[in-house]
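The values are calculated or read from the model by the stated rules, or taken from the named source; none is laboratory data. Note that the structure is predicted; figures quoted are calculated from it, not measured. Cβ: placed from backbone, ideal geometry, glycine included. Neighbour counts: every protein chain shown. These accessible areas exclude ligands, DNA and RNA; they are computed on the full protein's heavy atoms, side chains included. Shrake-Rupley method; radii C 1.70, N 1.55, O 1.52, S 1.80 Å.
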Amino acid sequence: MDGDAGGGAVAVGWDEPGWRAEALDWVTGELARQGRRVTGPVEARVRPWSLVWRVPTDTGDTWFKANNPGTLHEAGLLAALARLAPGRVLDPIAADPGRGWSLLPDGGGSLRDLLAREGDLTRWERILPEYADLQRTVAVSADELLSLGVPDHRPERLSTLFAQLLDDEEALLIGREGGLTAEAHERLRAHRPSFAGKCRRLAESGIAPTIQHDDLHDGNVFAAADGYRFFDWGDASVAHPFGSLLVTIRSVAHTFELGPGDPALGRLRDAYLEAWTDRHDRAALRETATLAVDVTKVSRALSWRRALDTPDPARVEYAAAVPGWLEELFAPDPR
């Protein structure tokens, strides 16, 4: 089945005693291999796409994460990124890709917490080049990531995925609350040739596909004394790298109350793109970034559909994100 196909959700069983006991045994065993001991009850946070436990130990907190079927690839991806780009992500204590389980050390405070204290927008100008370096480093291993089940959102594939998504009337909530109207659906169908053309131009940009976080905001970056680390890769795909700017720029604009065209947003974009100026003209890179940000709205819709591929009733709270991101194709972006 296509990695971005909807439906087919299976019950994860996070509330079942047997599942919980099995997961606790795994966590306890993996920590014991490191000479560590669990010292108290776990604290859970459950979303439709994942369960996260804070696990207290005799040497500090650790974090267990279990992904649902739609985001199962994250565990294997974490292990691969720790090997391919050491120091840019948390090095897992253990990972079980088959079950979508990972056990991570505590990453410290988030960038969001740090920005709330100091309000220094220029931190992003230092962080984005580090993220770009991760992407460039990992690009040579894109095929390996695809073999691990990381979704394929490369430009040459994305136009087909867009067309397939438009046929998924259940995910698009057509004619229902929070969903597409029939008119909006037809407008998106008419947009397919234009979208395919943009994808072709991206594919011909000369920028290699690589890991694309797809949800890179200040809540998904650890800011420690020894550097920044990027986490929460459940939405990630192999795609055009510049698509990461979609969420980042919007998030920064919201946090710092910056309007479209604010020079600060342009400086962030350029700080990120600087990594590719060794082989590409800056003006061309900016044009490519504009294209990538636009088509990545479809990537976001696909990521949400995967995340909500679950029978959990709580999914309805987030279901409007799938059609919502498609409607963003006709909205301007802050730059």
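Points worth noting:
- Residue match in segment 184-201 (condition: open to solvent by 30 Å² or more (accessible area, probe 1.4 Å) and part of a loop (DSSP other than H, G, I, E, B)): no
- Some residue of segment 211-224 being within 28 Å of residue 82 (Cβ to Cβ), open to solvent by 40 Å² or more (accessible area, probe 1.4 Å), modelled with pLDDT of 95 or more and of a type in the set (Gly, Ala, Ser): no
- Residue match in segment 120-137 (condition: more than 30 Å from residue 256 (Cα to Cα) and open to solvent by 10 Å² or more (accessible area, probe 1.4 Å)): yes
- Every residue from segment 31-58 that is under 20 Å from residue 232 (Cβ atoms), in contact with a strand residue (DSSP E or B) (Cβ under 6 Å, 6 or more places away or on another chain) and open to solvent by 40 Å² or more (accessible area, probe 1.4 Å): 43, 44, 45, 54
- 2 or more residues at pLDDT 95 or above and within 15 Å of the chain's Cα centre (by Cα): qualifying helices (runs of 4 or more DSSP H) within segment 228-314: 245-255, 282-307
- Residue in segment 161-172 that is under 30 Å from residue 27 (Cβ atoms), at pLDDT 95 or above and outside any helix (DSSP H, G or I) present: no
- Any pair with Cβ under 9 angstrom, 6 or more apart, that starts in segment 172-186 at a residue that is over 17 Å from residue 301 (Cβ atoms) and ends at one that is part of a loop (DSSP other than H, G, I, E, B) and among the aliphatic types (A, V, I, L, M): 177/320; 182/174
- Residue match in segment 249-261 (condition: open to solvent by less than 10 Å² (accessible area, probe 1.4 Å) and closer than 28 Å to residue 75 by Cβ): no
- Residue satisfying all of: in segment 122-159; of a type in the set (S, T, N, Q) and more than 27 Å from residue 100 (Cα to Cα); farthest from the chain's Cα centre (by Cα) among these: 122
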